[in-house]
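Every number here is computed from the coordinates shown, using simple stated rules; none is lab data. Computed from a predicted structure; not experimentally measured. All Cβ positions, even for glycine, are placed from backbone atoms using ideal geometry, and neighbour counts span all protein chains on display.
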Amino acid sequence: MTKKIIEEEGVERPLVAHRITELAHAIMHHKKAYYSGHPEISDAAYDALEDELRSMSPDHPVLEIVGAGTLPFAAAGAVARKVEHRTPMLSLDKTYNLADLHHWVGGRPVMGTLKVDGNSLSIVYEGGRLVLAKTRGNGRVGEDVTEKAVWISDIPRTLTEGMDAEVRGEIYCTEGNFLRLADEMVQLGLDRPTNPRNIVAGLLGRKAHFELARYFSFFAFDFIPANGKSPGFKTEVEKFKWLGKVGFSLPHPKRLSDPAEIEGYLDYVKALIAEDEIGLDGAVFSYDDLALHDEMGLTAHHPRYKMSFKWQGQTAVSVIKEISWATSRLGIVTPVAVIAPVYLSGASITNITLHNAAHVKAYNLKPGDRIEIVRSGEVIPKFLGVVEPAAGDYRWPENCPECGSLLVSDSIRLKCPNETACPAQRLGAILNWIRCAEIDDLNEKRLLPLMDSGLVKSMADLYRLQEKDFLIIPQTREKMASKLCKNIQSSKDLPLASFLNGLGIEGAGRTTWEKLLEHFHGLDGVLKATADEIGKIEGFAEKSAAQVVDGLTARRGWIKDLLEAGVKPFQADAVPKEGVLSGLQFVITGALSVPRAEIEDAIKMAGGKLSASVSRNTYAVVTEEPDSGSTKMKKARELGVKIWSERQLRSAIADKANIEGGNNL
């Protein structure tokens, strides 16, 4: 809302001026609280204050203050050396509207990165050696925090290039490290921190306990050449490749060339917000062409060549009624807070995940606590913090809620060790197989009667079922029984990567197995691979390599049982990078006239890609059941995705012109 609109709407100017002053004072107050490590409101509530002030007074000086401004945010008694930024460290312009984002992009290629909810940091190198680390401060003058930065493993002490340079990025604390850090701070006699975001600002301002910074991580997102010298980057892609080459961790950069790719990246970020332990509050987009950066320049507040996208967040306060614990397919016993119902983003929220046992301990969570929660768009609601604690202390369960086994703790999680007999783990393992093998129409509701009757005790038992066995499922008639049996049998032929993914090994997804199969061809090759051999592959840490080997060893019996039941994992030969289906993504579902693996192989050999789920990036769904009411078909119709028969697919492969003319059935 501009000043002109305010006047036209008849708002009295004295009231407007009073509100502007009120908002400015509130914003400065909450900046001070945030950068002292004790925020009083959520990010969404703070953004709303800034947005209101911007609508009433777009040029207000408070909106141009970046970071802590001139506010003291160091711990009491601490004196930090002030350091000027040769190039200003500015904030980012932001939007919550997808159409506005696409308009800003304007059809240009952009680089997408994660928007980490942390604190900006600048690292200065001279002759390739780290000599200074400084906070953003007010954007023009920061504070020297070198003694803390040297404890952060993500920040290289030297650059292999041996050059003068300044690298900028975001310092943050993961959920897991926050829980460990909180325990250590209590042991040192310090106050327990409130959350991962605020502890970074709090510790950066301390004059003692520098070693606690070892719990922090760092993502590099920018390079500032020294003395006008530069490695000669022309694009963001080249810049990020160089940052990765010299040893920095990167905020998941990806070059995006069209609206579909941008929306796909936002879906990826949204999934990370819900599932990952890195605190994220959106994504950042910057024009890939660095010449545009110089051409567009900066405002007093932000660079014109970058834009952040955030989901409009809504927060609410509720009371924990009880904390329930559930066992996952991997045996992890996870806490969920049952809360007094609140409405956020158009939905009634009654349950909030509390992540893990250590999370409950760190926040001393218990029934009666008043807590703040947030929901941004369609993102899963999240716990933000305790507003008013109830009396008493947290409690952990001693036994598995499903099988009664004595739980074990790794200091972060509680786990049921009864992997083979725990009902929850057995159910989860079979449901995971059903998902990975893409067995349509068989869901948890239909699986449970088969397990309760003793017909299904393992994944392999699915392939031993006969049509009559499905009739024990309530409201199931002969036609559905026949269909379920057929769907299971048709899943016997499946890609080897899907087969391995279906084993449900912790920390290993479909892409993990695809990468391993590039190095160890065939099932035997993967089974014989050692942790040392896997650890030498780019992207595999020692821990993840050990998880893969241990997981495969523990599941040798499952593998043998599945193969004996007739499952035939299939690995295609080398797939050409180019073909008539290059760049197109397909989903296969429902009944087919030939084995599924044959259709998959045809798509891959033509250069196409396969996906297990339908999204905006899906080009076509291939099926012989166009009238199916399955979840995938419903999603395809909602998104307007093409629905092809096998005939249409083969016709498209034979004649590229048919791709453009492939109409829905």
Positive minus negative residues near residue 261 (Lys, Arg vs Asp, Glu; Cβ under 11 Å): 0
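For the range 585-660, what relative contact order do you get, as a whole percent, if you take Cα pairs closer than 8 Å and at least 6 residues apart? Could the numbers behind the result be given before it?
Values: 99 pairs, mean separation 24.2, N = 76.
Taking the mean separation of contacting Cα pairs over the length of the range 585-660, I get 32 percent.
If you add up the charges near residue 634, with Lys and Arg at +1 and Asp and Glu at -1, over every other residue whose beta carbon is less than 14 angstrom from its beta carbon, what do you get?
Numbers: positive: 632, 635, 637; negative: 440, 441, 625, 627, 638.
Computed value for this residue: -2.
Please give the net charge around residue 426, taking every other residue with its beta carbon less than 14 angstrom from that of residue 426, where Lys and Arg add +1 and Asp and Glu add -1. Could you put the intermediate results ahead of the total?
Working: positive: 329, 457, 555; negative: 402, 419, 444, 452, 461, 561.
Cβ neighbours under 14 Å give a net charge of -3.
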Taking the C-alpha atoms of the range 423-491, convex hull volume expressed per residue in Å³: 72
Loop-resident sites, the range 131-191, for GluC sites (Glu not before Pro), counting at most 16 other Cβ within 10 Å (DSSP): 161
Low-density loop positions, trypsin sites (Lys or Arg not before Pro), the range 102-211 - DSSP coil, at most 16 other Cβ in 10 Å: 140, 157, 207
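Classify the range 523-634 as rounded, prolate or oblate from the Cα gyration tensor: take a ≥ b ≥ c as the square roots of its eigenvalues, call it rounded if a/c is under 1.5, otherwise prolate when a/b beats b/c and oblate if not.
Details: a/c = 2.12, a/b = 1.59, b/c = 1.33.
Prolate, since a/c reaches 1.5 and a/b exceeds b/c.
Which shape class applies to the range 208-266: rounded if a/c is under 1.5, otherwise prolate when a/b exceeds b/c and oblate if not, where a ≥ b ≥ c are the square roots of the Cα gyration tensor eigenvalues? Could you put the intermediate results ahead of the total?
Working: a/c = 3.17, a/b = 1.31, b/c = 2.41.
Oblate is the answer for the range 208-266, as a/c is 1.5 or above yet b/c matches or exceeds a/b.
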Euclidean distance between Cα centres, the range 306-384 to the range 233-258, Å: 34
For the range 119-243, average projected area of the Cα convex hull in nm²: 8.2
Kirkwood Rh in Å, taken over all unlike Cα pairs in the range 84-309: 18.3
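Based on the mean of other beta carbon atoms within 10 Å per residue, what is the order of 435-448, 208-221, most packed first? Provide the component values of the computation, followed by the final result.
Details: 435-448: 17.9, 208-221: 19.6.
Output ranking for 435-448, 208-221: 208-221, 435-448.
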Compactness of the chain as Cα Rg over 2.2 N^0.38 Å, two decimals: 1.06
Global form of the range 285-415, assessed from the alpha-carbon gyration tensor, a/c cut-off 1.5: prolate
The chain: angle of helix 236-245 to the longest principal axis, Cα-based, in degrees nearest 10: 80
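Beyond a 29 Å Cα-Cα separation, which of these cross-linked pairs lie in this structure: 479/609; 468/635; 515/634; 234/543; 483/609; 115/321?
479/609; 468/635; 515/634; 234/543; 115/321
Where both partners of a DSSP beta bridge lie in the chain, what percent of those bridges are antiparallel, to the nearest 5? Can you show the working numbers first?
Values: 71 of 85 bridges.
In the chain, approximately 85 percent of DSSP beta bridges are antiparallel ones.
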Acute angle (nearest 10 degrees) that the helix 510-519 long axis makes with the longest principal axis of the chain, alpha-carbon atoms: 80
Binned Cα-Cα distances of the range 585-660, short to long, each 10 Å bin given as a whole percent: 20, 58, 22, 0
Highest-first arrangement of 629-639, 458-468, where packing means the average Cβ count within 10 Å: 458-468, 629-639
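Rg/Rh for the range 318-365 to two decimals, with Rh computed the Kirkwood way over all alpha-carbon pairs.
Details: Rg = 11.8 Å, Rh = 11.5 Å.
With Rg and the Kirkwood Rh in hand, the quotient comes to 1.02.
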Acute angle (nearest 10 degrees) that the helix 423-436 long axis makes with the longest principal axis of the chain, alpha-carbon atoms: 90
